[in-house]
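**Q** I have a structure I would like to understand better, so I am pasting it below and will then ask my questions one at a time.
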Amino acid sequence: MRALAALALLAAAAPALGAPVLLERVRVRGGTAPEVRLELSGPAAPLARTLAAGEGTPERIYVDIADGVVGPQAREPVPGSGPLLRVRTGQFDPHTARVVLDLTHPTPYDVQVRGHVVTIVLRAAPSVAPAPPPTEATPPPPPPPRTAAAAPLVIIDAGHGGRDPGASGVGGVLEKDVALAVAKLLAAKLPARLGVNVLLTRSDDSYIPVDERLPPPESTAAAFISLHANACSDPHPRGLEVFYGGGRLRPASLTAASPEAALLGRAIARALRSEVGPVRHTARPADFAVLARNPVPGVLVEVGFLTQADDALRAQDAAYQERLTDALVDGLAAFLQQSAARL
């Protein structure tokens, strides 16, 4: 009886012997060989496995963290790039935090552990040596099957962030928070609905300088969508605004834009007007830095005036953000379709 009582006491005390490891944040570094960085509150020994694609599910890598708990900052899906579609997290069981990497195709990977950080590095598939030339005795092999074109990349820019709050409005709402919420919701919808790859310029409350938000001059991204919110001392202005700019083959003027940027701006404004509400003025070119210096056709969307009570409430409303991002998806779909028709 004493032995049984001692065992019972040890079992009851076991959970208190070691604190759980908190998965504090998930970050993705984009590119053709993306890296997924898991920031933990303590050391861990992750267990990584792969799962083949199934009906309605993509190729996956999943990483289990024993005695792990998913923290509040790590619960939202994070969009990927290249072969990485997105990163999801969940509490697999009370004692296991699970991180899932959804992939476009089977991809080799490495897992690195340094201190409290676990990094999953997706490696480019090794190149295949060319086959020897055919001889008379060996007929040439049939041509390989045609593959679908690579999915286009869409860059989503959540305005401001970190020490740059942007506009402040009624009730203390901040532009940087509204922009990030809408950006993350849009980023979650685009891969599933349009089959595009998505890159967020920021996925948390970080300050990112403008030059680091802009894609490189050689970028082949299809579109750049920058999300913001307005403020004004005049109590009358309300509603959405759409500006466009960037792209190649532009005149020297900073307010000029490529035909593709104008097409993007009009498509986005049309969808917003149809599905959300009035858009002030028409979609028009602007010299904002994220547009004027952008090699990719870009659009800047002001989702409302935070200094007006009704706009401020609407900008924070989940149902409104759903309608807004649905309209942005539809506007981008129209732009991609029209752009393809112009080629």
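No value in this document is a laboratory result; all are computed from the given coordinates. Just so it is clear, the model here is predicted, and its values are computed rather than measured. With ideal geometry, Cβ positions are generated from the backbone for all residues, glycine too; neighbour counts draw on all protein chains shown.
**Q** Among 332, 259, 233, pick out the residue whose Cα is farthest towards the positive end of the charge dipole of the range 153-342, where Lys and Arg carry +1 and Asp and Glu carry -1 on C-beta, about the Cα centre.
**A** After comparing all options, I get 259.
**Q** Moving to a separate point now. Can you pull out the GluC sites (Glu not before Pro) in the range 19-112 that DSSP calls coil and that have at most 13 other Cβ atoms within 10 Å?
**A** Passing both the DSSP loop test and the Cβ count: 55.
**Q** How many percent of Cα pairs in the range 19-122 exceed 23 Å?
**A** When every Cα pair of the range 19-122 is considered, 18 percent fall beyond 23 Å.
**Q** Remind me, relative contact order of the range 19-122 in percent, using alpha carbon pairs under 8 angstrom and six or more residues apart?
**A** 31 percent
**Q** A further question on this structure: What order do you get for 77-89, 171-183 when each peptide is scored by the mean count of other beta carbon atoms within 10 Å, highest first?
**A** 77-89, 171-183
**Q** State the three equivalent ellipsoid semi-axes of the range 149-288, derived from the C-alpha gyration tensor as the square roots of 5 times its eigenvalues, in descending order and whole Å.
**A** They are 23, 19, 17 Å, listed largest first.
**Q** Above 17 angstrom, tally the Cα pairs of the range 193-243 and express them as a % of all pairs, no decimals.
**A** For the range 193-243, the fraction of Cα-Cα distances above 17 Å is 56 percent.
**Q** Specify, per residue and in Å³, the volume enclosed by the convex hull of the alpha carbon atoms belonging to the range 219-343.
**A** Once divided by residue count, the hull of the range 219-343 is 102 Å³.
**Q** Something else: Which residues' amide hydrogens lie under 5 Å from the amide hydrogen of residue 300, considering only partners 5 or more residues apart or on another chain, with H built in the peptide plane?
**A** Residues meeting the amide H criterion: 226, 243, 244.
**Q** Order these peptides, 242-248, 219-225, by their mean beta-carbon neighbour count within 10 angstrom, highest first.
**A** Packing order, densest peptide first, comes out as 242-248, 219-225.
**Q** What FRET efficiency comes out for residue 123 versus residue 284 if R0 is 51 angstrom and r is the Cβ-Cβ distance? Round to the nearest 0.05.
**A** Using R0 = 51 Å, I get an efficiency of 0.70.
**Q** Next question. For a distance above 20 Å, tell me the whole-number percent of Cα pairs in the range 284-343 that qualify.
**A** Pairs farther apart than 20 Å: 47 percent.
**Q** How large is ³J(HN,Hα) for each residue in the range 153-168, as worked out from phi by the Karplus curve 6.51 cos²θ - 1.76 cosθ + 1.60 (θ = phi - 60°), to whole Hz, x for Gly and Pro?
**A** Once θ is set to phi - 60°, the couplings for the range 153-168 become 9, 10, 9, 10, 10, 7, x, 6, x, x, 6, 10, x, x, 6, 10 Hz.
**Q** Counting Lys and Arg as +1 and Asp and Glu as -1, what is the net charge of the other residues whose Cβ lies under 15 Å from the Cβ of residue 330?
**A** +3
**Q** Here is a follow-up. Provide the net charge surrounding residue 281, with neighbours chosen by a C-beta distance below 14 Å and charges set as Lys +1, Arg +1, Asp -1, Glu -1.
**A** +4
**Q** With a cut-off of 8 Å between alpha carbons and a minimum separation of six or more residues, what is the relative contact order of the range 153-342 in percent?
**A** 27 percent
**Q** Given points 7 Å out from each Cα along the Cα-Cβ axis, report the residue 322 to residue 211 separation in nanometres with one decimal.
**A** About 4.3 nm, to one decimal.
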